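Enquirer: Dropping the structure in here first, questions after.
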Number of protein chains: 2
Amino acid sequence: MKAFQETARSSTCAARRGRIFTDRGTVETPVFMPVGTQATVKAVSPEELEKCGAQIILGNTYHLYLRPGQRIIQELGGLHTFMGWKKPVLTDSGGFQIYSLATMRKIEEHGVRFRSHIDGSIHSLTPESAIEIQEALGSDIMMCLDVCIPYPATLRETADFTALTTRWAERCLAARKRKELHLFAIIQGGMDPEWRIRSASELLELGFDGYALGGLSVGEPKELLLEMIDTVRPVVPSEYPVYVMGVGTPEDLVECVARGVDMFDCVLPTRNARNGMLFTSSGRIVIKNACFRRDSRPIDAACRCYTCRNFSRAYLRHLYISKEILVHRLTTIHNLYYFLNLLQEMRSAIEADRFEEFKKEFYSRRENKT
Amino acid sequence: MKAFQETARSSTCAARRGRIFTDRGTVETPVFMPVGTQATVKAVSPEELEKCGAQIILGNTYHLYLRPGQRIIQELGGLHTFMGWKKPVLTDSGGFQIYSLATMRKIEEHGVRFRSHIDGSIHSLTPESAIEIQEALGSDIMMCLDVCIPYPATLRETADFTALTTRWAERCLAARKRKELHLFAIIQGGMDPEWRIRSASELLELGFDGYALGGLSVGEPKELLLEMIDTVRPVVPSEYPVYVMGVGTPEDLVECVARGVDMFDCVLPTRNARNGMLFTSSGRIVIKNACFRRDSRPIDAACRCYTCRNFSRAYLRHLYISKEILVHRLTTIHNLYYFLNLLQEMRSAIEADRFEEFKKEFYSRRENKT
């Protein structure tokens with residue numbers, strides 16, 4: 001099955017509308033995927049996710065492999081059944097978590113050895129086992145095992161890890177048994193334009209269902225993120241979906257969509273929600289601030305989420321200050337709704353070929369503070 | 001408005017069906033009231049509470065007075081609007097929390113001085129201010145300020161605190177301005193049958209909308225709880241609802257209903273849920289136990305709650321072990337549903353005059369472990 005179809009394109013920039021086809025339904029792009037690390041998007045139920053507008057969520061191979069283990073999830077009917085989520089799931093390969101979470105990472109040709117961040121036990125992941133795990137989970141979109149390149153990196157590291165990522169991608173492709181599940185490759189290349197282009201070209205040569213840009217949002221300046229996208233995006237033909245991993249702020253999403261990116265995931269809306277940082281159409285607010293003590297308004301008067309339709313800033317502040325866990329759910333619902341609705345607005349704008357106007361409005365709203 | 005009407009009575013014991021009338025609707029009794037200490041029943045939304053079968057919830061005057069303060073709640077439209085709960089609310093008076101939580105308690109004729117458990121600041125509560133706070137919150141059923149008697153207590157303490165509770169109740173009655181809100185008195189008397197009867201008789205003389213038994217579940221042996229109920233219950237005429245505060249286990253509820261008690265509140269279902277202890281028709285289970293690792297069954301096959309309809313024990317265990325906060329919500333929903341459904345079963349049994357059969361079944365189910 002073909003994974004992707006472009007359905008509309010902006011006449012003034014690279015922004016485009018499209019559809020990803022999976023056995024569990026169609027995903028309208030550009031799309032933001034809430035992160036469900038441990039078989040749950042923290043603090044919200046599957047029904048709430050759907051009501052927030054989520055079309056597809058992300059699961060983490062590294063976490064699910066370590067706990068509860070893919071065998072248990074498979075026995076219980078796969079990740080969707082296990083967590084009660086019926087729509088598509090994309091799983092990352094674990095490459096990034098081994099880079100960012102594991103307390104040891106030893107990269108060899110065969111695969112990567114690492115120490116679990118949970119109990120210090122030693123594990124290894126290979127391109128083949130990464131696919132086996134993701135097939136056991138029943139992921140609709142699987143990702144190849146990659147090597148995340150640190151920032152900054154030497155040219156040697158960039159070259160070696162990028163080349164290894166390509167060799168691993170080839171092995172992932174060969175290891176795939178369940179052809180109905182899509183497999184995406186991850187373009188590495190560090191912050192080096194030539195290696196980025198080479199990585200993309202080699203992976204395109206191998207032939208995947210979609211292409212992701214990995215190794216971004218690892219501490220580099222914001223300009224580099226957009227520069228890498230500007231470099232790589234034109235290399236990938238329009239028949240493939242392009243996914244920028246781990247991005248980003250609302251502004252990042254708008255800028256990336258303008259450059260033709262189709263898919264995103266990020267912990268920002270959910271993690272910030274739990275820290276009381278809320279996104280609104282006019283900017284961010286910190287709900288614990290004393291100015292909200294008697295504020296009877298919703299987080300964002302323009303928002304139609306469950307939280308904004310039912311609760312005041314004063315109530316949310318009270319829950320936050322009182323350490324009541326209901327607040328995590330209510331703020332997560334709001335932030336997810338904000339991100340998912342932002343993507344919905346962008347999809348509509350692209351369809352109506354008014355993305356430039358949308359962008360102008362987006363930035364001008366953020367200058368008018370409530 | 002008359003607060004209560006008895007509608008049916010068991011032919012074999014003191015169990016009875018009834019209705020409490022409030023401006024926010026009718027409450028079918030016997031009833032269990034989930035505890036919403038800080039303007040939220042921990043981990044669940046108002047909609048979930050309603051779906052679990054909650055008819056009325058409890059708020060804590062002590063906590064809401066300290067944070068965010070009754071003035072703020074009043075400005076924001078009262079406790080119901082503040083927390084998004086449309087059905088009746090009963091608020092305790094703070095007497096028990098000052099006894100159990102405050103780091104200092106100084107009882108004088110005028111009122112009680114105490115140190116906040118939050119920041120050590122010094123406050124005082126009088127019978128008059130307890131009513132003023134509850135009227136500001138807009139509580140449908142207010143409780144008189146009482147003095148909770150420790151267990152064990154000397155006869156001197158029992159006598160003094162019981163007499164003071166009666167004098168305070170009289171002042172509460174005089175302080176009440178909002179006649180549409182019910183006011184219940186709290187019967188004290190420690191574990192002394194004579195003082196219990198005297199407390200009840202004096203409070204009945206003053207005339208309240210309902211009567212609660214306070215100062216129970218303070219560490220006394222279980223038999224004493226039932227003995228005190230057996231002593232006091234017959235003293236209160238059937239035209240008044242009788243409320244046993246802070247009780248209890250499922251077994252306690254069945255035994256108290258059999259003795260003619262109409263109302264209950266307890267943190268047990270919600271607190272135990274957060275600790276992973278779940279109530280089922282055949283007894284209790286501890287969800288973190290390794291035996292549930294691969295268990296695809298719901299918590300209780302006989303249960304129709306949201307959690308049991310959608311999630312396995314293995315998934316709940318995974319969330320619990322992984323410290324995912326969704327588990328607190330899912331287990332709280334189950335435990336609340338269990339308690340509220342138990343009361344529903346008792347109401348039906350009383351109506352059909354088969355309470356004895358219900359009791360037998362209740363105990364026999366608990367002997368057949370799954």
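Enquirer: Working carefully through the options A:Glu255, A:Glu251, find the one that is surrounded by fewer than 18 Cβ atoms within 10 Å (Cβ to Cβ), assigned by TED's automatic domain parsing to the domain that holds A:Val35 and within 30 Å of A:Cys303 (Cα to Cα).
Expert: Among A:Glu255, A:Glu251, only A:Glu251 is surrounded by fewer than 18 Cβ atoms within 10 Å (Cβ to Cβ), assigned by TED's automatic domain parsing to the domain that holds A:Val35 and within 30 Å of A:Cys303 (Cα to Cα).
Enquirer: When A:Cys303 is evaluated against the numbered criteria (1) outside the structural domain of A:Tyr337 (by TED's automatic domain parsing); (2) surrounded by fewer than 22 Cβ atoms within 10 Å (Cβ to Cβ), which criterion, by number, is the only one it fails?
Expert: (1)
Enquirer: Consider A:Gln74 carefully, then state whether it is in the same structural domain as A:Gly215 (by TED's automatic domain parsing), of a type outside the set (Val, Ile, Thr) and crowded, with 20+ Cβ neighbours inside 10 Å.
Expert: no
Enquirer: When you scan the stretch B:77-107, how many residues do you find that are surrounded by 22 or more Cβ atoms within 10 Å (Cβ to Cβ) and within 11 Å of chain A (Cβ to nearest Cβ)?
Expert: Residues flagged as surrounded by 22 or more Cβ atoms within 10 Å (Cβ to Cβ) and within 11 Å of chain A (Cβ to nearest Cβ) within the stretch B:77-107 amount to 4.
Enquirer: Sticking with this one: I need the strands (runs of 3 or more DSSP E) fully contained in the stretch B:97-203, keeping only those with at least 2 residues that are closer than 23 Å to B:Leu58 by Cα.
Expert: B:112-115, B:122-125, B:141-143, B:182-187
Enquirer: What's the total number of residues in the stretch B:211-231 that are buried (at least 22 other Cβ atoms within 10 Å of the Cβ) and either in contact with a strand residue (DSSP E or B) (Cβ under 6 Å, 6 or more places away or on another chain) or charged (D, E, K, R) (or both)?
Expert: Final tally of qualifying residues: 4.
Residue-by-condition table, conditions (1) surrounded by fewer than 17 Cβ atoms within 10 Å (Cβ to Cβ); (2) of a type in the set (D, E, K, R):
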| residue | (1), (2) |
| --- | --- |
| B:Ala174 | yes, no |
| B:Glu180 | yes, yes |
| B:Leu183 | no, no |
| B:Pro193 | yes, no |
| B:Arg196 | no, yes |
| B:Leu204 | yes, no |
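Enquirer: The conditions are (1) touching a residue at least 60 places away in the same chain (Cβ under 8 Å); (2) in a loop (DSSP other than H, G, I, E, B), and A:Thr40 fails exactly one of them. Which is it?
Expert: Of the numbered conditions (1) touching a residue at least 60 places away in the same chain (Cβ under 8 Å); (2) in a loop (DSSP other than H, G, I, E, B), the odd one out for A:Thr40 is (1).
Enquirer: A further question follows. Mind telling me which of the residues B:Arg329, B:Arg309 ends up being crowded, with 20+ Cβ neighbours inside 10 Å, assigned to a helix (DSSP H, G or I) and within 14 Å of another protein chain (Cβ to nearest Cβ)?
Expert: Answer to the selection: B:Arg329.
Enquirer: Does B:Gln55 satisfy the condition of being in contact (Cβ under 8 Å) with a residue 12 or more places away in the chain, buried (at least 18 other Cβ atoms within 10 Å of the Cβ) and touching a Leu at 6+ places or on another chain (Cβ under 9 Å)?
Expert: In short, yes.
Enquirer: Separate question: Collect the residues in the stretch B:255-301 that are within 14 Å of chain A (Cβ to nearest Cβ), of a type outside the set (Phe, Trp, Tyr) and not in a loop (DSSP other than H, G, I, E, B), keeping them in residue-number order.
Expert: Within the stretch B:255-301, B:Thr270, B:Arg271, B:Ala273, B:Arg274, B:Ala290, B:Cys291 qualify.
Enquirer: Hey, another quick one. Does A:Lys323 fit the bill of being over 26 Å from the mean Cα position of the chain (by Cα) and surrounded by fewer than 15 Cβ atoms within 10 Å (Cβ to Cβ)?
Expert: Judged against the criteria, A:Lys323 is a match.
Each row is one residue, and each column tells you yes or no for (1) touching a residue at least 12 places away in the same chain (Cβ under 8 Å); (2) out of contact with any Asp or Glu (no Cβ under 9 Å at 6 or more places or on another chain).
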{"residue": "A:Cys291", "(1), (2)": "no, yes"}
{"residue": "A:Arg309", "(1), (2)": "no, yes"}
{"residue": "A:Tyr315", "(1), (2)": "no, yes"}
{"residue": "A:Tyr320", "(1), (2)": "yes, yes"}
{"residue": "A:His328", "(1), (2)": "yes, yes"}
{"residue": "A:Ile333", "(1), (2)": "yes, no"}
{"residue": "A:Phe362", "(1), (2)": "yes, no"}
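Enquirer: Under 30 Å from B:Gly69 (Cβ atoms) and within 14 Å of another protein chain (Cβ to nearest Cβ), is that true of B:Thr37?
Expert: yes
Enquirer: If you don't mind, another one. What's the number of the only condition in (1) surrounded by 22 or more Cβ atoms within 10 Å (Cβ to Cβ); (2) under 12 Å from the mean Cα position of the chain (by Cα); (3) not acidic (Asp, Glu) that B:Pro241 fails to meet?
Expert: Failed condition: (2).
Enquirer: Something else about it: Among the candidates A:Arg71, A:Arg17, which residue alone is at pLDDT 95 or above, in a strand (DSSP E or B) and of a type in the set (Lys, Arg)?
Expert: After ruling out the rest, the residue left standing is A:Arg17.
Enquirer: Do the conditions hold for A:Leu316, that is, is it within 13 Å of chain B (Cβ to nearest Cβ), crowded, with 24+ Cβ neighbours inside 10 Å and closer than 22 Å to B:Lys323 by Cβ?
Expert: no
Enquirer: Going through B:Glu351, B:Glu345 one at a time, which residue ends up being among the charged types (D, E, K, R), away from every other protein chain (no Cβ under 14 Å) and out of contact with any Phe, Trp or Tyr (no Cβ under 9 Å at 6 or more places or on another chain)?
Expert: That would be B:Glu351, the only listed residue that is among the charged types (D, E, K, R), away from every other protein chain (no Cβ under 14 Å) and out of contact with any Phe, Trp or Tyr (no Cβ under 9 Å at 6 or more places or on another chain).
Enquirer: Also, quick follow-up: Within the stretch A:225-250, restricting attention to residues that are in a helix (DSSP H, G or I) and in contact (Cβ under 8 Å) with a residue 60 or more places away in the chain, which residue is farthest from A:Val327 (Cα to Cα)?
Expert: This residue is A:Arg233.
Enquirer: Only residues that are of a type in the set (Asp, Glu) and at positive phi: list them for the stretch A:271-318, please.
Expert: none
Enquirer: Identify all residues within the stretch A:128-147 that are farther than 9 Å from A:Thr91 by Cβ and among the β-branched types (Val, Ile, Thr); write none if there are none.
Expert: A:Ile131, A:Val147
Enquirer: In addition: Output the qualifying pairs, or none if there are none: Cβ atoms under 7 angstrom, residues six or more apart or on different chains, first residue in the stretch B:62-73 and more than 8 Å from every other protein chain (Cβ to nearest Cβ), second residue aromatic (Phe, Trp, Tyr).
Expert: B:Ile73/B:Phe82
Enquirer: A:Ala54 - would you say it is more than 10 Å from chain B (Cβ to nearest Cβ), of a type outside the set (Val, Ile, Thr), within 13 Å of the chain's Cα centre (by Cα) and not in a strand (DSSP E or B)?
Expert: Yes; evaluated as a whole, the condition is true for this residue.
Enquirer: Test A:Ile133 against the criterion of being under 26 Å from A:Gln38 (Cβ atoms) and touching a Phe, Trp or Tyr at 6+ places or on another chain (Cβ under 7 Å), and give yes or no.
Expert: yes
Enquirer: Those residues that are farther than 18 Å from B:Arg171 by Cα and crowded, with 19+ Cβ neighbours inside 10 Å, I need them from the stretch B:120-138; list them, please.
Expert: B:Leu137, B:Gly138
Enquirer: Also, quick follow-up: Which members of the stretch B:332-341 meet the condition of being touching a helix residue (DSSP H, G or I) at 6+ places or on another chain (Cβ under 6 Å) and away from every other protein chain (no Cβ under 11 Å)?
Expert: Once the filter is applied, which keeps residues that are touching a helix residue (DSSP H, G or I) at 6+ places or on another chain (Cβ under 6 Å) and away from every other protein chain (no Cβ under 11 Å), the stretch B:332-341 yields B:His334, B:Asn335, B:Leu336, B:Phe339.
Enquirer: Only one residue in A:Phe355, A:Phe279, A:Phe362 is aromatic (Phe, Trp, Tyr), surrounded by 22 or more Cβ atoms within 10 Å (Cβ to Cβ) and over 21 Å from the mean Cα position of the chain (by Cα), so which one is that?
Expert: Unique residue meeting the criteria: A:Phe355.
The values are calculated or read from the model by the stated rules, or taken from the named source; none is laboratory data. If you're wondering where the values come from, they're calculated on a predicted model, not measured in any experiment. Neighbour counts are summed over all protein chains in view; Cβ atoms, including those assigned to glycine, are modelled from backbone coordinates with ideal geometry.
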